């Protein structure tokens, strides 16, 4: 039995494993010693397995990261993972070449200098792409949101990896680099809900009936179509101005994108109501004193 076991072991080690090893060692063998190069079937098989494993892992990661996203958002990540694929393939090839005995120091040095140069040249592009990834993943910005950036207001209609596009109130397309949403101050009017509070300010002459002014402003806001009935509009007596008593009517609307039009219609109505009730909107007045210098 022991003799049979030894024979089987020798067959496995020498014949079967030896044959496999000889097959894996087939390839190009150049030089000898430390500077020898051995590009074998075994290394090529190992490279192939590594690429298959990397491809499987990247697909699994992409599924894990995008499984809860909409189909449109998932497609935006395709180009990113393609770029990662290329980087992984390049690293795998360099490792294989190094294992074969090829000196890749020069290649790595040249590649590092190239990537540093590209990184500096494409710094803004990388920032925009990272910003796009954060926006898509954490849902901090969505299609339909109304945002204000650098004093410009727009309704978002498309979010890409590098840029976000919005339509302005004067029907122009606003193209915003995504890094602005992670580095600059951005007002999102509809982040929490679609309802926003707006106001219209007006000044009346000193001596006006402030109760009547309050009633008129509340009536105008209540009759305005785009103004919500609940929460109710309310009036604030803001200040004693230089030439007028300053009031403001505060109201809520779920159409803040059309806010300028709503306010314009309310100003027309306020002006008409004030004329009907003899409420005066004063213009700035200044007292000028002239002193004549006696010679």
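The values are calculated or read from the model by the stated rules, or taken from the named source; none is laboratory data. Please read these numbers as outputs of a predicted model, since none were measured by experiment. Note: ideal-geometry Cβ built from the backbone for every residue, glycine included; neighbour counts use all protein chains shown.
So residue 212 ticks every box in (1) modelled with pLDDT of 90 or more; (2) under 32 Å from the mean Cα position of the chain (by Cα); (3) surrounded by 15 or more Cβ atoms within 10 Å (Cβ to Cβ) but one. Which box is left unticked?
(2)
Out of everything in the range 135-150 that is free of Cβ contacts under 8 Å to residues at least 60 places away in the same chain and farther than 13 Å from residue 180 by Cβ, what residue ends up being surrounded by the fewest Cβ atoms within 10 Å (Cβ to Cβ)?
138
Examine the range 211-218 for a residue that is assigned by TED's automatic domain parsing to the domain that holds residue 265, touching a helix residue (DSSP H, G or I) at 6+ places or on another chain (Cβ under 6 Å) and not in a strand (DSSP E or B), and state whether such a residue exists.
yes
Could you figure out which of (1) more than 19 Å from residue 130 (Cβ to Cβ); (2) at pLDDT below 70 isn't true of residue 48?
So residue 48 meets the others, but not (2).
Please specify each residue of the range 233-254 satisfying the condition of being out of contact with any helix residue (DSSP H, G or I) (no Cβ under 8 Å at 6 or more places or on another chain) and part of a loop (DSSP other than H, G, I, E, B).
241, 242, 243, 244, 254
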